[in-house]
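The structure appears right after this line, and notes come after that.
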Amino acid sequence: MKKVVLSFFVFVFIQCNINAQEEYSWNIVNGFYFPQQYEYSNNKNIKNNKVKSIEQTEKKKGELKAKKLYTFNSAGKNDSYTDLNKKGKVNYKYLIDNSKDDYAYSYVNSKNKEKRKEIGKFDSVKNHREVLYYKNSKLKNKVTRDFYNYLNKDNKQSWNILKSEFYKKGGAVLCKRWEYAYYPDNSKKTSTLYNAKGKIKYVWNYDCKSEGELVQQHKDTTLVCKKDEFDEKGNRVVTERKFNEKGEPTKIVTKYSKDNKLLSYDTYNEKNVLITHISYTNDMNWEEIVHYNTKGVETYRQTNKFDEKGNKIEEAYFSKQKPTKVVSYEYNDKNLIAKSKITKIKKNNKKTESEIEYVYTYYQ
């Protein structure tokens, strides 16, 4: 699944609160979210055109409002983002070092002082073994992982997680631990969450009926079931059900095309009410995302339009089914964004407009 690009940056240190949420997936930037990196890293045109930097200049009624500067290494990977005010002074910047197998993300303030940093370490086979979180140059939190390897059905070497440990206070104090058990075919059997004292807090059990229902209710047990089926068009539909210790279910429904391309991703709450819907184009571009409240009423929507080359040409935003903003894009002869126009729509239907121009430099 492509990562969703947001319009803000978030840095969150790992919290050690025990809660009933399993560590299903590992995000390489679990604590450091740098969204524009994904947008440009996923853009093959950056690498193909040997782009060195992009300067974005935003103007409203001809007056300069702000600037953003992105730089890229020779491999086309984003290595910095700088946010500047209309006078050209730095508000903040993010530095990314992903030139090696390991990576490092840093947040630097307007005084050029590093405030936060995340370092990720991998082993020789690319397993994500350790993440270190720093604040004001001091180690705050740490996450470590253990793996075991096996041969999958295609006779290729694969890895499963055996244990994940989360530390606080400079990495010296263990606050929680995950342990995983597997069946002989290497499919997951159980996931167990322990607190700092080694006491079991929750167990995720994967023993399900064939139709993906709860076999039996266990105290302090959360169960995850998956069901694969095909719709009338031959699309594969995967339904994942999660039951908490009270037996209350939540549901995720993912749909794939015949050639295994992601078509949609829906999440439902414990009352089986649709909460989030995401759909994708045939080219795996993110087409629409809709959020609903607990009564199933739409609260937010974003839709994207693309041209025949797969370039995004328009974003439209809605709040409670009313339009709030439209962003349109124009492209140059290198198939790179040349200009974008932002139209904001207020409650009285009054519109304000601003434009962003994109200036590129290139490697020789």
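Here are some notes:
- All positions within the range 318-327 that are surrounded by fewer than 16 Cβ atoms within 10 Å (Cβ to Cβ) and not charged (D, E, K, R): Ser319, Gln321, Pro323
- Filtered residues of the range 213-226 (kept if surrounded by fewer than 17 Cβ atoms within 10 Å (Cβ to Cβ) and either modelled with pLDDT of 60 or more or over 30 Å from Glu165 (Cα atoms) (or both)): Glu213, Lys226
- Pairs with Cβ under 6 Å, 6+ apart, first in the range 296-311 and closer than 30 Å to Lys334 by Cα, second outside any strand (DSSP E or B): Phe306/Asn285; Gly310/Asp283
- Single residue of the range 89-137 satisfying the filter (among the hydroxyl-bearing types (Ser, Thr, Tyr), assigned to a loop (DSSP other than H, G, I, E, B) and modelled with pLDDT under 80) that is surrounded by the most Cβ atoms within 10 Å (Cβ to Cβ): Ser99
- Criterion: at pLDDT 90 or above, crowded, with 18+ Cβ neighbours inside 10 Å and either under 24 Å from Gly310 (Cα atoms) or of a type in the set (D, E, K, R) (or both) - qualifying residue of Lys140, Lys52, Lys67: Lys67
- Scanning the range 167-180 for residues that are surrounded by 14 or more Cβ atoms within 10 Å (Cβ to Cβ) and either assigned to a strand (DSSP E or B) or of a type in the set (A, V, I, L, M, F, W, C) (or both) yields Tyr167, Lys168, Leu174, Cys175, Lys176, Arg177, Trp178, Glu179, Tyr180.
- Test result for Lys339, outside any strand (DSSP E or B), surrounded by fewer than 16 Cβ atoms within 10 Å (Cβ to Cβ) and either over 24 Å from the mean Cα position of the chain (by Cα) or modelled with pLDDT under 95 (or both): no
- Any pair with Cβ under 6 angstrom, 6 or more apart, that starts in the range 277-292 at a residue that is assigned to a strand (DSSP E or B) and ends at one that is small (Gly, Ala, Ser): Ser279/Ser264; Glu287/Ser279; Glu288/Ser279
- Residue in the range 289-311 that is charged (D, E, K, R), surrounded by fewer than 16 Cβ atoms within 10 Å (Cβ to Cβ), under 23 Å from Tyr265 (Cα atoms) and touching a Ser or Thr at 6+ places or on another chain (Cβ under 7 Å) present: no
- Exactly one residue out of Thr361, Thr343 is touching a residue at least 40 places away in the same chain (Cβ under 8 Å) and β-branched (Val, Ile, Thr): that is Thr361.
- Complete set of residues in the range 143-173 that are at pLDDT 85 or above and of a type in the set (Lys, Arg): Lys163
- Selection status of Asn155, in a strand (DSSP E or B) and more than 18 Å from Lys168 (Cα to Cα): no
The values are calculated or read from the model by the stated rules, or taken from the named source; none is laboratory data. What you are looking at is a predicted structure, and each value in this text was computed from that prediction instead of being measured. When we count neighbours, we look across all protein chains shown, and the Cβ atoms used for this are built from the backbone with ideal geometry, even at glycine.
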